[in-house]
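Quick notes on the structure that follows.
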Amino acid sequence: MDRRALTGLLGPEKVGNPCLRITEVLNMPEPGDDLREGRWSARAAAGARPGACGSSPTARPQLRALFATCRARPGPHRARRPVAAFGLVFVLLAAGAASAEVKLPAIFGDHMCLQAGAPVPVWGTATPGEAVTVTLGEQRREAKADADGRWRLRLDPLQAGAGGVPAGGGPMEMVVAGGNTIHFKNVVVGEVWLCGGQSNMAFAVNGVTDARTEIAAAQFPKIRLFVVRIARPVEPARELQGRWVECEPSTVTGFSAVAYFFGRELHRTLAAPIGLIQSCVGGTAAELWTSRAALAADPALKPLLSAYEKAAARFDAGRPQLEGKHAAELAAWKTAAAAARAAGKPQPPKPRAPRKPEAPSSLFNGMIAPLAPYALRGVIWYQGEANANAAEQYRRLFPALIADWRGAWGQGDFPFLFVQLANFLSRSPQPTDTPWARLRDAQLRTLAVANTGMAVAIDVGEAKDIHPKNKQEVGRRLALEALRVAHGRDVVSSGPLVDAVAFEEDEVRIHFQNVGGGLAARGGGKLTGFALAGEDRGFVWADARIDGSAVVVSSADVQRPVAVRYAWADNPECNLMNKEGLPASPFRTDDWERSAGAAPGAGRRPEGAK
């Protein structure tokens with residue numbers, strides 16, 4: 001069989017394609033085979049996207065016939081002939097390896113949204129030395145693939161109504177041409193936001209308050225959605241899985257609620273297309289989303305790497321015992337579950353299989369690194385629950401994550417907006433000190449980082465659900481911060497934040513910024529949530545009153561206060577806001593370490609904790 005014959009069997013794109021393997025030849029689909037959901041196992045094992053390597057549905061039976069013929073021929077070396085056939089196919093495939101299709105990562109596709117007003121990087125692979133052109137509107141740019149077959153170029157900043165971009169930002173078509181030509185259709189130009197974090201960012205629209213009404217109304221063809229498939233590689237990946245879709249009821253139902261409501265608010269306010277890239281995983285700590293290089297570079301964060309290595313080694317050493325214990329628990333559960341079903345009772349919870357600790361940086365490697373440098377307006381982030389037991393460390397870790405992502409994109413200090421943890425768990429009758437309160441404080445301190453903004457959610461949580469359902473308000477508050485930080489608009493985008501504190505004998509005067517139309521107590525009545533401490537560091541509830549843009553706090557039990565705290569608990573009773581209805585952030589004026597006798601609080605809890 002010569003190259004021409006093999007080309008006829010496989011198609012020209014198969015011959016020489018480096019992503020083809022001999023096992024793939026033997027497992028090529030015949031007409032009617034289902035290629036959905038990675039069911040062509042050889043292709044999935046090779047890491048190829050469906051259609052990425054091309055296919056010839058008639059090739060498999062003919063190649064099998066070739067191998068069968070080789071196997072059937074008589075002769076002393078008959079047993080070696082199938083191997084020779086494998087070798088023949090492999091050599092012929094490899095002979096054309098220098099001729100590869102022009103390809104782009106999955107983040108480029110039909111229905112994508114491109115960032116307006118900034119250079120737009122476009123990149124991919126091709127034959128080494130091959131010229132690749134990208135055409136969009138009136139722009140035509142060219143790049144040449146390097147020795148590794150990689151190419152990259154940049155489009156000049158795009159603007160609706162200029163340079164061939166239609167008024168309203170689209171739709172339009174991007175054409176990428178080299179040895180082959182790719183047409184990306186229904187492309188729009190507007191705002192692109194990366195939406196990251198853990199389960200409260202992953203929480204879908206179908207779980208929110210008034211979900212049916214929200215889903216039915218979600219007909220926004222110029223809001224584009226992209227969900228990054230979960231991946232945890234050891235090293236930074238170049239590719240990821242996902243696809244762009246238009247926002248409509250069928251596509252929004254499982255999409256991030258916070259991201260959708262944020263994007264909807266911006267779309268309505270800016271009258272521009274919005275692209276939302278969802279890249280989040282429930283129950284994940286921030287170190288999983290930070291590169292290994294960033295963690296290793298900070299002496300305060302480097303111990304996260306060594307701690308993981310020790311924990312992974314312990315897990316591996318104890319795996320046989322853990323798996324044996326789990327097998328026994330599973331057998332007992334099956335018996336108990338069967339008995340419960342027979343009695344018409346609920347089944348007991350199924351025991352979880354032992355799981356190796358997750359490696360730091362793994363989610364950065366698989367779900368963030370492959371996105372860079374796709375042009376962004378900025379990032380929204382909802383995370384922190386999984387780091388609550390390490391709030392002091394989070395004061396270093398969270399800013400390091402922000403700097404790490406900005407460095408990966410190389411487009412400057414883009415806006416990074418985040419949600420402060422919502423109220424959760426039971427309410428304490430006395431002043432307390434909890435991990436969640438301290439984590440919120442770490443988040444508040446992160447506002448010192450340039451071009452950041454915070455949506456306070458201390459009034460939208462639920463005592464018995466770590467996943468509050470009012471994601472509409474969270475998204476709206478993030479959008480207000482986006483208008484201020486990303487667009488420079490003069491809007492009241494946040495609730496009151498402490499500006500200055502003055503200790504005046506037996507009372508404390510706290511001056512606030514972001515007061516908007518003035519300070520107020522939600523629901524009327526007196527202010528709640530303030531506590532004072534003297535030199536003994538024992539906090540007691542205090543009286544508080546509004547005085548212009550300040551709050552004056554005092555207590556008959558503290559003659560000389562040295563510290564004041566507000567909303568400092570898992571689920572505090574607090575009501576200070578501005579007249580725009582945005583709540584004040586929890587805060588403290590001290591920097592005391594948490595005492596050993598402090599209430600334990602929420603700590604690190606499972607994502608599904610009730």
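The values are calculated or read from the model by the stated rules, or taken from the named source; none is laboratory data. This one's a predicted model, so the numbers in the text were calculated from it and none came from an experiment. All Cβ positions, even for glycine, are placed from backbone atoms using ideal geometry, and neighbour counts span all protein chains on display. For accessibility, only protein heavy atoms count, side chains too; no ligands or nucleic acids. Shrake-Rupley method; radii C 1.70, N 1.55, O 1.52, S 1.80 Å.
If the cut-off is a Cα-Cα distance under 15 Å, which aspartates and glutamates reach LYS356, setting aside same-chain residues fewer than 8 apart in sequence?
GLU309, ASP316, GLU323
Output wanted: per-residue J couplings in Hz (rounded whole) for the stretch 226-235, from phi through Karplus 6.51 cos²θ - 1.76 cosθ + 1.60, θ = phi - 60°, x for Gly and Pro.
For the stretch 226-235, the Karplus curve yields 9, 10, 7, 5, 4, 8, 10, x, 6, 10 Hz.
By a straight-distance test (C-alpha under 25 Å), which lysines pair with LYS345 as possible cross-link partners, with residues fewer than eight away in the same chain excluded?
Excluding near neighbours in sequence, the set is LYS334, LYS464, LYS610.
Work out the charge dipole of the stretch 325-448 with +1 on the Cβ of Lys and Arg and -1 on the Cβ of Asp and Glu about the Cα centre, then indicate which of LEU417, ALA342, PRO354 is farthest towards its positive end.
Of the options given, the answer is ALA342.
How many percent of the accessible area of the stretch 223-283 is carbon or sulfur, using a 1.4 Å probe? Intermediate results must be reported in sequence, preceding the final value.
Details: 1150 of 2400 Å².
Within the stretch 223-283, the accessible surface is 48 percent carbon and sulfur.
So what's the stretch 433-555 giving for Cα Rg divided by 2.2 N^0.38 Å, two decimals? Mind dumping the intermediate values first?
On the way: Rg = 16.1 Å, N = 123, 2.2 N^0.38 = 13.7 Å.
Compactness ratio reported: 1.18.
Could you provide, to the nearest whole Å², the per residue accessible area of the stretch 247-367 with probe 1.4 Å?
48
Tabulate in residue order the Karplus-calculated ³J(HN,Hα) for the stretch 486-493, using 6.51 cos²θ - 1.76 cosθ + 1.60 with θ = phi - 60°, rounded to whole Hz; enter x for Gly and Pro.
7, 10, x, 7, 8, 10, 7, 10
Order 376-382, 204-210 from most to least packed using the mean count of other Cβ atoms within 10 Å. Walk me through the intermediate numbers first.
Numbers: 376-382: 25.6, 204-210: 16.4.
So the peptides 376-382, 204-210, ranked by packing, come out 376-382, 204-210.
Rounded, prolate or oblate, given the Cα gyration tensor of the stretch 375-441, with a/c below 1.5 counting as rounded? Numbers along the way, then the final one.
Values: a/c = 3.91, a/b = 2.37, b/c = 1.65.
Here the stretch 375-441 falls in the prolate category.
Which value, in Å², gives the accessible area per residue of the stretch 141-204 when a 1.4 Å probe is used on the protein heavy atoms? List each step's numbers first, then the result.
Values: 2610 Å² over 64 residues.
Accessible area per residue: 41 Å².
Along the charge dipole of the stretch 195-303, pointing to its positive end and built from +1/-1 on Cβ of Lys, Arg, Asp and Glu, which listed residue (PRO273, TYR260, GLY197) has its Cα farthest out?
The Cα lying farthest towards the positive end belongs to PRO273.
Whole-Hz Karplus ³J(HN,Hα) for the stretch 177-190, in order, using 6.51 cos²θ - 1.76 cosθ + 1.60 and θ = phi - 60°, x for Gly and Pro?
My calculation for the stretch 177-190 gives 10, x, x, 10, 10, 10, 10, 9, 9, 6, 8, 10, 10, x Hz in order.
Please give the per residue accessible area of the stretch 381-442, computed with a probe of 1.4 Å over protein heavy atoms only, in Å². Display every interim value, and only then the final one.
Values: 1730 Å² over 62 residues.
With the other protein chains kept in place, the stretch 381-442 gives 28 Å² per residue.
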